[in-house]
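The values are calculated or read from the model by the stated rules, or taken from the named source; none is laboratory data. Bear in mind the structure is a predicted one, so any value in this text is a computation, not a measurement. Cβ atoms come from the backbone with ideal geometry, glycine included; neighbour counts cover every protein chain shown. Keep in mind that these areas ignore ligands, DNA and RNA; they rest on the heavy atoms of the full protein, side chains included. Shrake-Rupley method; radii C 1.70, N 1.55, O 1.52, S 1.80 Å.
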Amino acid sequence: MLSKKKKANENEAVSTTYANRFFTKPIPRFRMPNDGLDADVVYQMIHDELNIDGNPALNLATFVTTWMEPQAEKLIVETLNKNLVDQDEYPQTGKIQERVINMLARLYHAPESKEYIGTATIGSSEAIMLGLLAHKWTWRANRKKQGKSTQNPNMVIGADVHVVWEKFARYFDVEMRIIPMQKNRFTITADEVKQRIDENTICVGVVMGTTFTGQLDPVQDINTMLEEVEKEKGWNIPIHVDGASGGFILPFLYPAFKWDFRLSHVRSINVSGHKYGLVYPGVGWLIMRDKSDLPEDLIFYVNYLGSEEATYTLNFSRGSAMMIVQYYNLIRLGKKGYRLVMQQSLENARYLASKVRRIRNIRLITEDIKLPILALTVKKKSEFTVFQMSDKLRERGWIVPAYSLPADASEVEVLRVVIKENFSHDMADMLVTDMQRFAKELREQCKIKPGQQNKSQNHKHIC
Ligand SMILES: Cc1ncc(COP(=O)(O)O)c(C=O)c1O
């Protein structure tokens, strides 16, 4: 989050609490105080202030893990003070990272005949940036070899991509060719991709579990199309798969489904360890199919930490705790354990879907629920909007975001529920009961004041 300048006057202070029991003067809110305070006091003050945050257990908005086993938490505390980049000082931590990358590359069927390569990142955003940078560099090197212009790189993506793809395009000067959504289609198609690619396309972005609706882009069709284009025109265009969510679900729920390195044009995959990898924020992973997909001049070798180390990250220092507990999860759960977690989450999502369907005027965006993510919408004729339902649920503590889809589907308004491991049948029942009650209440309000705008909402109220 970008933070702005704030006034730092006397009125902007954190006032004293506990009847001056611990501290007697207000503490400036936006200026560093001259004197420090007792550790217990500061702890209590910050602890209390954070109570106003939402309850992570009821946060159905986030894809990010909100519960881990106590043993994992113990490891986190034990490794909080280890910088992941200090591989010379913490060689074992480095070895663990290597093991995880190998496990993931094999999970994603990286060909054993190749030398796959990967790195731990802060999350999928960094992993996507690094993957796309590698494709930009490879494209440029190839163009130079052919004596062709390197002025106008582009990438083809759907409007269903996460904002990080757009950030990459802007920060790293790549033209974005965006396939808009349609009123009834929220993913991309191979045909639409084909219309936009050319010899300057550094890569095609494909999402496994879109942020907006949790759907899967048709990666196999796109791969087949790119194979044909390569035969016809000689353009070897890579696919980067954004598996931020799906990367830890698909291998366990649908092992036969080919979305990964089994497809010839998939050259790089990112996944968020802190989403369905079941780790607290922030850890992500980038896996490249072969080391030839990562141009050597993007790798930096530094020796100021002891021995020479190769790095391919945007940040230098970062904590190692989350990377370590990724390893904990992989060996603690194994494939069988991950499968059970994903099956249970999917079952709970489907159970919730079956109940939600019965609420008047609420429907699912898609009946085909492949990942434990539900996108709901409210029928046009309904007396309330998704935004009002989201606000009402928030009053009860549930955090369920409401938003409108990107162009050209912006008239579709969505409520998204991300089902995680800690979401039970019981919670589904409670959520549905609350939604039913609120739907009724909102309808009643509508009856009382026909034709009136609800002034407390920014969003249009239909009654
Ligand atoms: C499809 C997709 N890609 C990328 C991201 C960014 O991931 P991260 O938050 O791990 O940086 C998200 C986050 O929700 C996502 O859903």
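Quick look at the values:
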quantity	calculated
Selection count, the stretch 375-402, where residues are within 19 Å of Asp429 (Cβ to Cβ) and among the small types (Gly, Ala, Ser)	1
Residue in the stretch 210-218 that is within 16 Å of the ligand (Cβ to nearest atom), of a type in the set (A, V, I, L, M) and not in a helix (DSSP H, G or I) present	yes
Members of the stretch 50-64 found to be open to solvent by 80 Å² or more (accessible area, probe 1.4 Å) and of a type in the set (S, T, N, Q), listed by number	Asn51
Of all residues in the stretch 219-235 being under 18 Å from Ile188 (Cα atoms) and of a type outside the set (D, E, K, R), the one that is nearest to the ligand (Cβ to nearest atom)	Val219
Residue that is farthest from Tyr312 (Cα to Cα) [pool: residues in the stretch 150-166 that are near the ligand (Cβ under 10 Å from one of its atoms) and in a helix (DSSP H, G or I)]	Val163
All positions within the stretch 329-376 that are more than 30 Å from Arg99 (Cα to Cα), open to solvent by less than 20 Å² (accessible area, probe 1.4 Å) and not small (Gly, Ala, Ser)	Asn348, Leu352, Val356, Ile359, Asn361, Ile362, Leu364, Ile369, Leu374, Leu376
Listing of strands (runs of 3 or more DSSP E) fully contained in the stretch 277-381 that carry 2 or more residues being outside the structural domain of Ser404 (by TED's automatic domain parsing) and within 16 Å of the ligand (Cβ to nearest atom)	284-288
Subset tally (residues that are open to solvent by less than 10 Å² (accessible area, probe 1.4 Å) and in a loop (DSSP other than H, G, I, E, B)) for the stretch 230-275	9
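Matching residues to (1) at negative phi; (2) open to solvent by 80 Å² or more (accessible area, probe 1.4 Å); (3) not assigned by TED's automatic domain parsing to the domain that holds Ser245:
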site	(1), (2), (3)
Val42	yes, no, yes
Met45	yes, no, yes
Asp48	yes, no, yes
Thr79	yes, no, no
Lys95	yes, yes, no
Ala105	yes, no, no
Pro111	yes, no, no
